[in-house]
Structure formats: structure tokens, C-alpha cells
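Trainee: Pasting in a structure now, in C-alpha cells, and then I'll have a few things to ask.
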Amino acid sequence: MIRTDVLIIGSGVAGLSFAVKMAEKFPERHISIVTKSDEDESNTKYAQGGVAVVLDEKEDSFQNHIRDTLIAGDGLCNEAVVEMVVTEGPKRLKELIDWGANFDVDAEGNFDLGKEGGHSAYRVVHHKDITGYEVERALLDRVAQLSNISILSHHFVIDLITDHHIEASNAGSISCFGAYVLNEHSKEVLTIQAGSTLLASGGIGRVYGHTTNPIIATGDGIAMAYRAKARIKDMEFVQFHPTALYNEDGGSSFLISEAVRGFGAFLRTKNGNRFMPDYDDRAELASRDIVSQSIDRELKKSGDLCVYLDCTHLDMSAFKLHFPNIYAKCKENQIDIETDWIPVVPASHYLCGGIVVDANGKTSISNLFACGECSSTGLHGANRLASNSLLEALVYAHNIFQYISENPRPSQFPKIPEWINKGNDSPNEQHLIQNNLEQLQALMRNYVGIIRTDDHLQKAIGRLDVIYKTVEDLYKTYPVHTGLCELRNMINVAHLIIGQSIERTENKGGYFNLDN
Ligand SMILES: Cc1cc2nc3c(=O)[nH]c(=O)nc-3n(C[C@H](O)[C@H](O)[C@H](O)COP(=O)(O)OP(=O)(O)OC[C@H]3O[C@@H](n4cnc5c(N)ncnc54)[C@H](O)[C@@H]3O)c2cc1C
């Protein structure tokens, strides 16, 4: 049994920035970060474009950023939240810079602001095309300087500990007391009790197989919050990134940033047709959902497996300066951007919904907060505006910190039973997990993808149920195991996406059902 003041699940921008704030303000409190892979592995690490924030008030304004966010969200944003996040942005960015993050500046020393799809102004602060890597680096460096933070890497959180684990539970309300955590090395399950718990566990991309997310993105936090009976919302709004580098094998795909289209690249079919102007006046700079749906329609029309991003007309020395990582990655894949078009496909990229939180990051469960991609704050509505998610995580990490600072409560430590591991090892386990995972991912791609139908969603429910029953049997039979827990979590997430898709009767933002 381990006791800590604050338990943070996840070491991306949300978890780390909250940890830094808490540790700086409360040197006497102990902050534990639990993360399932290497400490830097996260969606954060792969963010390319940057952080959307209004810094140049001559050329831009908070009102413009608010308006762009609301347009992308297609009427489903919480306007008060949008205003709060946008106006707090500059302060939160300054803190990040004070903690050591570097962003590109021009010859005069002003921030070199980028422009992405859906933005009406240049406002994206970036570090070359590896902004997330730089943010993660700076935050981990700052965390290492704070002796009251400990990071347990390769520790997988299995489930939250709530009233139903405790005999004398509180009828009516649900509280969180920490989490059961599997040490990947020793295979021991730790009981970590915490005064406050933050879910900062990131996204769900892997549920679809083809994704821009790394393999850690299995929706664990959302699934465990759902099992604990927290409110979960807007799961139907999965954002597909229009331009992931096409690879024949599927799986995690390298992202060709939207900023490349902002820089002037054209989307073409195999035959060279520049099709985006046919779909939207903003052409390649239309919001993500429009570009993804347009590509999906083109692919369905032609039967091709990918479309192409043409950069051959662009200033190549400027391109290499702005996108050295993309340039190198294409080269590695035998694509010479100066002469070749880049093959691209839409891939699952970002979840707009998640665990419902209020403006202080509080979930519907006492002592449980959520921040970052696993949360649903109301900022994104039906579609996230590019580069608003790092911003959202920074702003909410601050709000949660502020709330906990202003509302001290004695850490409550009831008696919690230790985890009981059941079952025996089986040599077939891995094979069964892999097989069911592939079935789940194919189901989500084919029946619950960019363009949905009522019939496909109904079929998806029936098929998911078969996978669910098989995997629940495995879960009850075998000792606890990360791959199996992740699969179980992805099934929960798929169930939420399908269920909330069926409930949606009007197409909005990133959601498109042919029968609506
Ligand atoms: C390729 C790519 C490019 C992007 N570009 C941009 C961009 O330019 N601008 C922008 O604003 N956003 C961008 N995004 C989105 C943005 O990066 C993410 O939304 C954001 O980083 C999420 O941060 P987070 O802290 O919520 O989660 P993450 O950074 O994903 O961190 C989640 C953490 O939780 C841990 N975790 C998960 N489950 C468990 C468990 N069961 N037990 C223990 N630990 C667990 C993970 O290991 C990880 O450490 C991009 C995303 C991708 C994938």
C-alpha cells in the first residue's frame, strides 16, 4: 500500500504541467505520477503544429480565436469555456516558457506564428515541427528538479478505487481514493491511495488501428472512469486527421501536419485533380472534418487507397527549415518532397469528447479530476480547432491546481482491500488478445469510421458484443495483464463511441451519418 497526496495518471502535457504547479506551490505534499510506458511516451510528444494562442493583438484578437473555435465546434462548444481557455492562453504559455520550453522566433525576436486549418490568423506558437517533443522535454526537465514529485514509469493503472471497492461505502455519492496499479516489471499490483486523483491519460486513437497516435492511446482513463460511473460525453466526435502518411501495413502512422497545407501544399487524386476547391471555399485550409470527409468521398469514388499531398511547387529551402522532421521522415520512406507527391490517408487522431468536467476540471466523482485529451470540457464541441488541445491541457491543469489550492480537504484514507489476482498463465493468451484486437479495430474502421450509417452502427453493436464477451471471459480467467486490460478498455471506449453515435440524430462538426 502506497499513500500519496496527489496521484496523477499520465505523463503528457496535462499530467506534467499539473504536477509542476502542485509541487512548486506545495513542497510538503507528495505528488506521484504513474505512467504506463517510458516517462516521455505520450500523444504530447508527437504534437507537431504547436499551441494556438493569441500573442499578436495587432493582427489577431481573442475574439477571432474564440470565433474560429466556435465555428469549428459547429454550435456545440460551451462559449464560456471557449472564452476562458482562449483568454487564459497567453498566461499559461508564458509559464511553459518560464519552465524552459523554447518556441521559434523570427529575426526580430518575435514568435514565428504558424497558421493551420480553421484559423483566421497566424497564431500557432511552435518549435520547428516537433513542438510536442519540446514541450514534453521541458516539462520532464522541470519535474526532475522538483524533489516532491516521483514518476513511476512502466506502471499501468488497472482501475480507479472508488466506493464500491470499500465495505462501508457512501450510499448515493461516489468518491475516488486512488488506483490499482500494475508494476510492469515485478507484475505486482500496487494499491495507491491518494487524497486527489487526476486522470491525464490521453486519447483513444488505437481503437481504430490506423491512427496518428502512439500505441499508448487506448482510452484507459475514459474506460476506467466509465466503469466507475463517471459521466462521459461526446464520444461520437472522433477527429480523423486528414493527412497521415499512408503505409500499407496500417497501425500507427506518421502525421503530415496541417501546417504543411497552411504552407501551401495541395491535395490531389492519383490523376492530379486538385479536389478540395470542389468541396469548400477554403480549399486545403478547410477544417479537419471537411478535409477528412472530402478525402473519404474521393477514395470511395475512385477505390484508391490514398490521395496525395503535393508540395513540389513550394519554396523547398523554407519547407526544410519549417518541417525538417516531415522532410526527413518522407526521405526515409523513399519520398522526395521536391519531386514526389506524399501519399496520405485520414487516420484517427483526436477525441473531442471524454470524461465530463466542469471549469475546475472536476468530474462527477468526488476527488477525481480529469485534464487533457481524456476530458470533455466543452471547448471543442463537435470538432477541435487545430492546436487547441495543448492549450486546453495547460489551461485546465492550472484551473485544477487553483481549485485544489483554494479548497483544501483532509486526505481521506479509508481501508481499501488489496487487489486479488485470479487465474493462471496461459500460453494462448497473447494470440487471443491480438486476434480480438484486430477484430475490434477492423470493426471500428469499417462500421464506425469517418462516414457512418444507422445500419452500420447497429451491426457494430452486435459484433462488439461478441468481442466483449470473449474478452471478459479472458479477463476473468487470466492474471491481470496490460495488453488484456488495454483491449478491455478499448472495447469500453468503442461501446461508448457506438452508443453515443446512435443517440446523435443531427450531423455536427466531425460527425457525419448518411442517415441523419
Ligand atoms: C501526431 C500528433 C500531432 C498532434 N499535434 C498537435 C498540435 O500541433 N497541437 C495541439 O494542440 N495538439 C496536437 N495533438 C494533440 C495533442 O498532442 C494531445 O491532445 C495532447 O498532447 C494530449 O495530452 P495529454 O496530456 O492529455 O495526453 P498524452 O500526452 O497522450 O499523455 C497520456 C499519458 O497517460 C499515460 N497513460 C494512459 N493510460 C495509462 C494507464 N492505464 N496507466 C498509466 N498511464 C497511462 C500515457 O502513457 C501518457 O503518459 C497532436 C496529437 C498527435 C498524436
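Trainee: Among all helices in the chain defined by DSSP H, which have a length of 15 Å or more along the axis from Cα atoms plus a Kyte-Doolittle mean of at least 0.5?
Mentor: Answer set is 13-25, 389-406, 482-503.
Trainee: Here are some pairs, LYS94/LYS508; LYS233/LYS270; LYS270/LYS329; LYS115/LYS329; LYS91/LYS229; which of them have Cα atoms lying more than 28 Å apart in this structure? Don't jump to the answer; show the numbers that get you there.
Mentor: Details: LYS94/LYS508 34 Å; LYS233/LYS270 39 Å; LYS270/LYS329 21 Å; LYS115/LYS329 22 Å; LYS91/LYS229 34 Å.
Result: LYS94/LYS508; LYS233/LYS270; LYS91/LYS229 exceed 28 Å.
Trainee: Run the numbers on the range 277-404 and let me know its relative contact order in percent, using alpha-carbon pairs under 8 Å that are six or more apart.
Mentor: RCO, the range 277-404: 19 percent.
Trainee: Mind checking the per residue accessible area of the chain for me, 1.4 Å probe, whole number of Å²? Don't jump to the answer; show the numbers that get you there.
Mentor: Working: 20720 Å² over 516 residues.
Heavy-atom accessible area per residue stands at 40 Å².
Trainee: Check which residues have an amide H placed less than 5 Å from ASP159's amide H, if you skip close sequence neighbours.
Mentor: For ASP159, whose amide H was placed from the backbone, the distant partners under 5 Å are TYR180.
Trainee: Determine the dipole magnitude for the chain: charges of +1 sit on the beta-carbon of Lys and Arg, -1 on that of Asp and Glu, nothing else is charged, the reference point is the Cα centre, and the result goes in debye to the nearest 20. Don't jump to the answer; show the numbers that get you there.
Mentor: On the way: 48 positive and 69 negative charges, 206 e Å.
About 980 debye.
Trainee: For the range 104-224, what Kirkwood radius comes out of the mean inverse Cα-Cα distance, in Å?
Mentor: With all distinct Cα pairs of the range 104-224 included, I get 18.3 Å.
Trainee: Quote the accessible area belonging to THR162 in square angstrom, nearest 10, computed with a 1.4 Å probe and with ligands, DNA and RNA left uncounted.
Mentor: Roughly 0 Å² of THR162 is accessible to a 1.4 Å probe.
Trainee: Still on this structure, please answer the following. Explain nothing, just the number: relative contact order of the range 4-71, from Cα pairs under 8 Å at least 6 residues apart, as a whole percent.
Mentor: On the way: 56 pairs, mean separation 21.5, N = 68.
Answer for the range 4-71 is 32 percent.
Trainee: Kindly provide the GluC sites (Glu not before Pro) of the range 50-116 that DSSP labels as loop, not H, G, I, E or B, and whose Cβ sees at most 10 other Cβ atoms within 10 Å.
Mentor: Filter output for the range 50-116: GLU57, GLU108.
Trainee: Probe radius 1.4 Å, ligands and nucleic acids ignored: give me the carbon and sulfur share of the accessible area of the chain as a rounded percent. Spell out each step's value before the answer.
Mentor: Details: 10100 of 20720 Å².
It is 49 percent, rounded to a whole number.
Trainee: Next question. Just to check, using Stokes-Einstein with a Kirkwood Rh over alpha carbon pairs, what's the diffusion coefficient of the range 378-516 at 37 °C and 0.692 mPa s in µm²/s?
Mentor: After rounding, the answer is 177 µm²/s.
Trainee: Further, regarding this structure: So how compact is the chain: Cα radius of gyration and Dmax in angstrom?
Mentor: 22.2, 69
Trainee: Another question, if that's okay. For SER375, enumerate residues with amide H under 5 Å from its amide H, sequence gap 5+ or separate chain, H modeled in the peptide plane.
Mentor: Close amide H contacts, sequence-distant or interchain: ILE355.
Trainee: Still on this model: Just to confirm the filter: which trypsin sites (Lys or Arg not before Pro) across the range 132-221 are DSSP coil and have at most 13 other Cβ within 10 angstrom of their Cβ?
Mentor: Details: sites: ARG137, ARG142, LYS187, ARG206; in loops: LYS187.
Answer in residue order: LYS187.
Trainee: Over the chain, what is the relative contact order in whole percent, taking alpha-carbon pairs under 8 Å and six or more residues apart? Mind dumping the intermediate values first?
Mentor: Values: 1128 pairs, mean separation 111.0, N = 516.
Taking the mean separation of contacting Cα pairs over the length of the chain, I get 22 percent.
Trainee: Now a separate question. Out of ILE31, ASN110, PRO90, whose Cα points farthest toward the positive end of the dipole of the range 1-143 (charges: +1 Lys, Arg; -1 Asp, Glu; placed on Cβ)?
Mentor: After comparing all options, I get ILE31.
Trainee: Would you calculate, for the chain, the mean residue ellipticity at 222 nm contributed by helices, counting each DSSP H stretch of 4 or more residues as -39,500 (n - 2.57) and dividing by all residues, to the nearest 500?
Mentor: -12000 deg cm²/dmol
Trainee: With the dipole of the chain worked out from charges on the C-beta (+1 for Lys and Arg, -1 for Asp and Glu) around the Cα centre, which of GLN334, TYR350, HIS119 lies farthest toward the positive end?
Mentor: It is TYR350, whose Cα lies furthest towards the positive end.
The values are calculated or read from the model by the stated rules, or taken from the named source; none is laboratory data. All values derive from a computational prediction rather than experimental measurement. Heads up, the Cβs are rebuilt from the backbone with ideal geometry, glycines too, and the neighbour counts pull from every protein chain shown. With ligands, DNA and RNA removed, areas are computed over all heavy atoms of the protein, side chains included. Shrake-Rupley method; radii C 1.70, N 1.55, O 1.52, S 1.80 Å.
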